[in-house]
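*Asks:* My structure is below; once you've seen it, I'll send some questions.
The values are calculated or read from the model by the stated rules, or taken from the named source; none is laboratory data. Bear in mind the structure is a predicted one, so any value in this text is a computation, not a measurement. Here the Cβ positions follow ideal geometry from the backbone for every residue, glycine too, while neighbour counts run over all protein chains shown. Surface accessibility is based on the protein's heavy atoms, side chains included, excluding ligands, DNA and RNA. Shrake-Rupley method; radii C 1.70, N 1.55, O 1.52, S 1.80 Å.
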Amino acid sequence: MSDLVKVTMTVNGSQVSRSIEPRNTLADFLRQTLELTGTHTGCEMGVCGACLVVLDGRVVHSCLTFAVQASGSTIETVEGLSERAAIADLQEAFHQRNALQCGFCTPGMLMTAHSLLSQPGVPSREEIRDALSGNYCRCTGYEAIVDAIEMVARKRYEGVSAAQDEEVGA
């Protein structure tokens, strides 16, 4: 048995400290140690995108990141985004557009969409497709997923534009 290493990080707003084996991936740490099972492990090679989390503001493959590498970092999982309603509109749009079926890939898709929509402006359908190129779905046609993300992007932009107009007094 290998020596255990203490890791401390902030996960979904709460600081956690645990002693773990250095070979544990961040995905396994989140799923097995913290019981945050929204982070899925699919290919375990960084190809499918099911394991995506936000690490210090960047979307990363948690299956390719060791938990010890994330020590001292801030992690946000799909559960954290959902709890603080940061993706409520995306979740609703995915439901409305039938952009999910089995749901296995959905957390990763939501993480990608959240990251993309955190950038200013409204992404084009091509930019949405490009962002989703790191996510693999076996059940759903990607058009419904692109539709859902585009719909939320436009609604968010219109909401921001309307708020800015009100501030200016237009």
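*Asks:* Of the residues 74, 37, 41, which single one is out of contact with any Asp or Glu (no Cβ under 8 Å at 6 or more places or on another chain) and either touching a residue at least 60 places away in the same chain (Cβ under 8 Å) or not acidic (Asp, Glu) (or both)?
*Replies:* 37
*Asks:* Of all residues being touching a residue at least 24 places away in the same chain (Cβ under 8 Å) and open to solvent by 80 Å² or more (accessible area, probe 1.4 Å) in the stretch 129-162, which is nearest to residue 49 (Cα to Cα)? Just the residue, please.
*Replies:* Checked the stretch 129-162; the qualifying residue nearest to residue 49 (Cα to Cα) is 136.
*Asks:* Condition (residue is part of a helix (DSSP H, G or I), within 18 Å of residue 42 (Cβ to Cβ) and open to solvent by less than 10 Å² (accessible area, probe 1.4 Å)) applied to the stretch 116-128: is it met by at least one residue?
*Replies:* no
*Asks:* Now for a separate question. Take residue 106 and decide whether it is hydroxyl-bearing (Ser, Thr, Tyr), modelled with pLDDT of 95 or more and within 14 Å of the chain's Cα centre (by Cα).
*Replies:* So residue 106 fails the test.
*Asks:* Could you please find all residues in the stretch 92-115 being in a loop (DSSP other than H, G, I, E, B), out of contact with any Phe, Trp or Tyr (no Cβ under 7 Å at 6 or more places or on another chain), hydrophobic (A, V, I, L, M, F, W, C) and surrounded by 15 or more Cβ atoms within 10 Å (Cβ to Cβ)?
*Replies:* Answer for the stretch 92-115, where residues must be in a loop (DSSP other than H, G, I, E, B), out of contact with any Phe, Trp or Tyr (no Cβ under 7 Å at 6 or more places or on another chain), hydrophobic (A, V, I, L, M, F, W, C) and surrounded by 15 or more Cβ atoms within 10 Å (Cβ to Cβ): 99, 104.
*Asks:* Then there's this: Would you check if residue 26 is closer than 15 Å to residue 111 by Cβ and in contact with a Phe, Trp or Tyr (Cβ under 9 Å, 6 or more places away or on another chain)?
*Replies:* yes
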